[in-house]
Amino acid sequence: MDTLTKIKNTFDNVRSVIKEKNSSNRFQCLKKDILVLQSELLVLGKENHDQYIRSQAMEGYLTLLTAKTMPLSLNEKKNILLIAFDKLKQYYLREECLFIFLRIQNLLCYYLIQLDETNLAKDILENMEEIYDKISKSKPESYIDAEDLFTSETIENVKRLNPDKIDKLITNNVQMLAFLYNKLNMPQKYTLYNHTALRRQLEMKEGTPQDWALRTARLGNYFTYLSQLSNARHHLCAAYYVLRTCHDNCKLMPEEFVLQKAEFEMHFLELSHHWVKYGLTLFKLSRKKILNRYFSQSAAGADTWRTVDMLNDIVDNSEKNEENLKDVGTEKNEKGDGSFEKVFSFPTLDLKDIEKKVPLDIICTTEEARRLFSFTHKWLMRAKHYYDFEHYSAQYISCSLQLSELYEHLAFFEKNIDNQYSIQKRRADVLETLNSLLKTCDNAMTIQIDVIKELSQVQLELMALNLQKLWREESQINILNLDSDADSIINSLDSESNKTLTERTLNTNSKNMFLRKMEAATSLNAKLYRLSGQLGPSTPSELSFTCSVQNKN
């Protein structure tokens, strides 16, 4: 017991020196006391065989303390921690060793990742998973914090550790493994371990709800990037649910809510961006499916001359669910029963009602497109109203372009030509407003060119819609019965008369209407060329004139 008393007194000196951060000889005193402690622990282990494991755990704690406080290089810190890790590995399930063993492993892997020794860090972290399983089957309330071993009390009288501390360490290690997989570009393992860490933190109520919600939303956004929209929706809904609950609870405390109101606003703003990306991604996947199905039919010998109603002719609703699983990246296990998806869920949260309000299936009808548009538009406008062009120009431009893209997707799924025209007109208004604002900026030439190009595309769409309306109306006016009028058509083609088929069949009023609509379409086309002219000379005459001027100079 005399040796333990000396160790306790020396350790008290070490703690007091660590607290004196402004001391000039702090590191010298600290180094001296640590060396003395290491010598005393060596004696303790040799003279008292029953105290050997205890001395190893205490020595491991001193190594951890040295790495965290002494002015050593990263490589030196890694080397001393690796030695301590190997010493304790054979005793890791002992009550004295487990906690310090996990702490050493955590810090060691952190340094290994910083030193880009990712393979060694990966091996250590992956091998630790078997240890976690054994820990879960043991008695977590029986372990000891190594710092509490520096006392003259016997092992039986040393206070036990709160099991939550071990759970937090395991969670940190799982999170570190997720970070490592992300660095190694292994997205499936990254998402699995990142989700596991978040689920453990949720169940343990570790950290603040706001922080958890933001990290969960970012993982949901990453699922969107991977086109795994089912997992993305679940995580974004979980983030919204926790953030909204925390917000409502905070409102019950007015003084506290005033302090955190701005913080909540920024959290919801970030969540808005993630939801907008989710909605746009679902639109893109739906359009891609429709176009792929159409062009695959054309390649197989389909009648490409016929008018195609894409939403009805291409998408087979009976195959909708099956195809959706493939396109949105829903994961399945080897048996193919889809149960693996349950791994990426938060069982403690009831999100069914929230998830029902969020579209997930591939868009097949106009009504579904409108529902997804309404959902995405709500979140986009929430973000757009926060930004103003003067103070947040980049964010304002991004939101405007996203709004234009959202209108474009909705127009694609809209069947009625008049509705398509109205949607494209709104899209044009958004782009024209943005273009007028960009003219006031000196360093926005590249963005302005992109906006003008997109605005030109919208004008082409509008012109095409006008021509479609014109074609359908004229087709209804000029309906020919091919059975009864076949001879007259042939005669008109063989006739020496200069009159065309249209002139023979249309009356004067319809011809006047035809000319007026062609004039409107031409006006739109002229506007398109005026806009394109802002990009520089575009016609051959303009190009030749520019070249001649340059040659003269």
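The values are calculated or read from the model by the stated rules, or taken from the named source; none is laboratory data. A quick note: this is a predicted structure, and the numbers were derived from the prediction, not measured. Because the Cβ atoms are built from the backbone with ideal geometry, glycine has one as well, and the counts that use them run over all protein chains shown. Keep in mind that these areas ignore ligands, DNA and RNA; they rest on the heavy atoms of the full protein, side chains included. Shrake-Rupley method; radii C 1.70, N 1.55, O 1.52, S 1.80 Å.
If R0 is 30 Å, the Cβ-Cβ spacing of Asp450 and Asn416 corresponds to a FRET efficiency of close to 0.50. For segment 1-150, the square roots a ≥ b ≥ c of the C-alpha gyration tensor eigenvalues yield an a/c of 1.5 or more together with a/b not exceeding b/c, which makes the shape oblate.
For segment 167-284, the square roots of the Cα gyration tensor eigenvalues, ordered a ≥ b ≥ c, give a/c of at least 1.5 with a/b no greater than b/c, which places it in the oblate category. Taking every C-alpha pair closer than 8 Å and separated by at least 6 residues, the mean separation divided by the residue count of segment 10-127 gives a relative contact order of 19 percent. Whole-Hz Karplus values for segment 117-123 come out as 8, 5, 5, 5, 4, 5, 4 Hz, taken residue by residue from phi with 6.51 cos²θ - 1.76 cosθ + 1.60 and θ = phi - 60°; glycine and proline positions read x. Modelled spin-label separation between Glu129 and Asp2, with each label point placed 7 Å from Cα along the Cα-to-Cβ direction: 5.2 nm. A simple spin-label model places pseudo-atoms 7 Å from Cα toward Cβ; at Phe27 and His385 they are separated by 5.6 nm.
Ser436 contributes about 60 Å² of solvent-accessible surface, heavy atoms of the protein only, 1.4 Å probe.
In the structure shown, the pairs Lys168/Lys205; Lys251/Lys277; Lys32/Lys77 are assessed against 20 Å; a Cα-Cα span above that value is assigned to Lys251/Lys277.
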